[in-house]
Amino acid sequence: MPTASKSNTKSSRKTGSRPAVVAEYPPQDALSLLKEDHRKVEALFEQFESARKSERKQAIVKSICEELTLHAALEESVFYPALRDVLTLKKDQALLDEAMVEHATLKGLIAKLESEQPDASYYDATVTVLKEYVNHHVKEEEKEIFAEVRKSSLSTLELGQTMQAAREKLKRKFTH
């Protein structure tokens, strides 16, 4: 099969036609996209807990921090603003306010971890506290905020597409 793929690419070059542009990721519902991020970070925390070598711990924490930074930026720039427009009840706005405060706390813990080595005092404890904050945030978001989103008029598929495009831009921003 790889041979056929190569010859198709060559033949499309010879004829001057361009291969069809295929999206890097299939369109995904916004809530599924965020849940996928949540599960990925949970798995990284589990890896950290079983890691023994400092280098491995540091690599895992780096991945955790990168994933959380990207995820928070995505929620703050796209997801939460979209929700603010459709979730008009005071209790829903309060949930979004609380989520933003949680993000600020997470960012502080991330900055602390990014500036320390795994053998620093309280490094493992800081990771544990970060995990606890993330778990609290995820639980509240998935049970309360997502429930309100499902009841709203918001198109989670359209929002997911917007979020996927924003994620690619944010990835480029954070890697340059």
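Every number here is computed from the coordinates shown, using simple stated rules; none is lab data. Quantities reported herein were computed from a predicted structural model and do not represent experimental measurements. Cβ placement follows ideal geometry from the backbone for every residue including glycine, while neighbour counts extend to all protein chains displayed.
When the chain is fully extended, how far beyond the present Cα-Cα distance does residue 97 get from residue 40, taking 0.36 nm per residue of separation?
18.1 nm
Run through the range 60-158 and list the GluC sites (Glu not before Pro) located in a DSSP loop whose Cβ has at most 16 other Cβ atoms within 10 Å. Could the numbers behind the result be given before it?
Values: sites: 66, 67, 75, 76, 98, 102, 114, 116, 132, 140, 141, 142, 144, 148, 158; in loops: 116.
For GluC sites (Glu not before Pro) across the range 60-158 that sit outside H, G, I, E and B with at most 16 neighbouring Cβ atoms in 10 Å, the list reads 116.
At 0.36 nm per residue, and after removing the present C-alpha to C-alpha distance, how many nm does the segment from residue 90 to residue 162 gain when stretched out fully?
Gain on stretching residue 90 to residue 162: 23.3 nm.
Taking amide H positions as placed in the peptide plane 1.01 Å from N, state which residues far from residue 87 in sequence (5 or more) or on other chains have amide H under 5 Å from it.
Residues meeting the criterion, in which the H sits 1.01 Å from N, do not exist here.
Please identify the chymotrypsin sites (Phe, Trp or Tyr not before Pro) of the range 121-175 that satisfy two criteria: DSSP loop assignment and at most 12 other Cβ atoms within 10 Å. Which are they?
Values: sites: 122, 123, 133, 146, 174; in loops: 122.
Loop-located and lightly packed - 122.
For a label point 7 Å from the Cα of residue 62 along Cα→C-beta, name the residues of the range 145-172 whose backbone N is under 11 Å from it.
Counting only backbone N, you get no residues.
If a paramagnetic tag sat 7 Å from the Cα of residue 119 along the Cα-Cβ line, which residues of the range 41-85 would have the backbone N under 19 Å from that point?
The answer is 51-62.
So what is the relative contact order of the range 28-175, in percent, for Cα pairs below 8 Å that sit 6 or more residues apart?
Values: 101 pairs, mean separation 64.0, N = 148.
Normalised by residue count, the contact order of the range 28-175 is 43 percent.
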